[in-house]
1. Please list, in order along region 213-229, the HN-Hα scalar couplings obtained from phi with the Karplus expression 6.51 cos²θ - 1.76 cosθ + 1.60 (θ = phi - 60°), rounded to whole Hz, x for Gly and Pro.
2. Can you spot the aspartates and glutamates whose alpha carbon is less than 17 Å from K178's alpha carbon? Ignore those fewer than 8 places along the same chain.
3. Subtract the Cα-Cα distance of R13 and K178 from 0.36 nm times their separation in residues, and report this length gain in nm to one decimal.
4. Let me check I've understood the local charge: for Q57, count other residues with C-beta under 15 angstrom from its C-beta, Lys and Arg +1, Asp and Glu -1. What total comes out?
5. If N is the number of residues in the chain, what value comes out of its Cα radius of gyration divided by 2.2 N^0.38 Å?
6. With n ≥ 4 as the cut-off for DSSP H runs, can you work out [θ] at 222 nm for the chain, using -39500 (n - 2.57) per run divided by the number of residues, rounded to the nearest 500?
7. Cβ neighbours within 10 Å, averaged per peptide: list 64-71, 186-193, 38-45 in order, most packed at the top.
8. Which distance in nm do the two modelled labels at T147 and Q129 give, with both placed 7 Å along the Cα-to-Cβ direction?
Amino acid sequence: MIFAANFKTNHTRATTQTYIQELNQKIEATSTPNDIYIFPPATALNKFDTKATVGTQNAYPSKNGAYTGEIGVDQLDEFAIKTILIGHSERREHLRESQEIVAEKFSFFLNEGFEIIYCIGEPLEIREQGDKAVMEYLLAQFEGIDTTYENLIIAYEPIWAIGTGRSATVEEIASTHKALRASVTKPLLYGGSAKPANIKEIISIDNVDGVLVGSASLNVESFFEMVTT
Ligand code: PGA
């Protein structure tokens, strides 16, 4: 199983350092076989000595250059970071990343050999129109995306379940992951209010290969409780 922690705009360089030290102790103590990923904010990226994979939440599709406020591959190389989140709904919405921009980023980081966690998800008004509308919406988010890329993990995150405390139901996750499985053979994560209280039922759903966790990952105890459930 894959357990990925997305800190978003939370934690500092100092608290990320402490978090990873505590995580390392827990990994040592339990020798968990699960794959753990941590996505700290860009200012906290570093060369960590850890069994967890540390990735970036975002980067600009360039090695370097005149892209004020962005980081590129040179800045990631400094810390040997080769894993990136692309297509998160918060970037699509707040940073106005269109499918075209997302696809361009995807191709660039694919060519750089990065491991990509590619996020897709539908808004509530689409979910309310039923399964067919949901699948149409999700498959459109594969436009321009090479879903056969060997270093790819997909994260299905219904937007209405992100940060709301309201996870999708077991039936909703099961039917969506089953339908996605028909189009992609890559590991499929679920994301959206995954937490210690519901992790057991989420990871026992067919075609769920792990979770992408926001809020419940911010505290290392809570995150690791999920990893070892
Ligand atoms: P959440 O966020 O766990 O706080 O719902 C998940 C995500 O956006 O990756």
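Each reported figure results from applying straightforward, stated rules to the coordinates on display, with no laboratory input. Here the structure is a predicted model, which means the values were calculated and not measured. Because the Cβ atoms are built from the backbone with ideal geometry, glycine has one as well, and the counts that use them run over all protein chains shown.
1. 10, x, 3, 6, 9, 5, 9, 5, 5, 5, 5, 6, 4, 5, 4, 9, 5
2. Counting by Cα, and skipping residues close in sequence, K178 has these aspartates and glutamates nearby: E122, D131, E136, E157, E201, D206, D209.
3. The R13-K178 span can extend by a further 55.5 nm.
4. 0
5. 0.97
6. When only DSSP H runs of four or more count, the value is -10000 deg cm²/dmol.
7. Packing order, densest peptide first, comes out as 186-193, 38-45, 64-71.
8. 1.8
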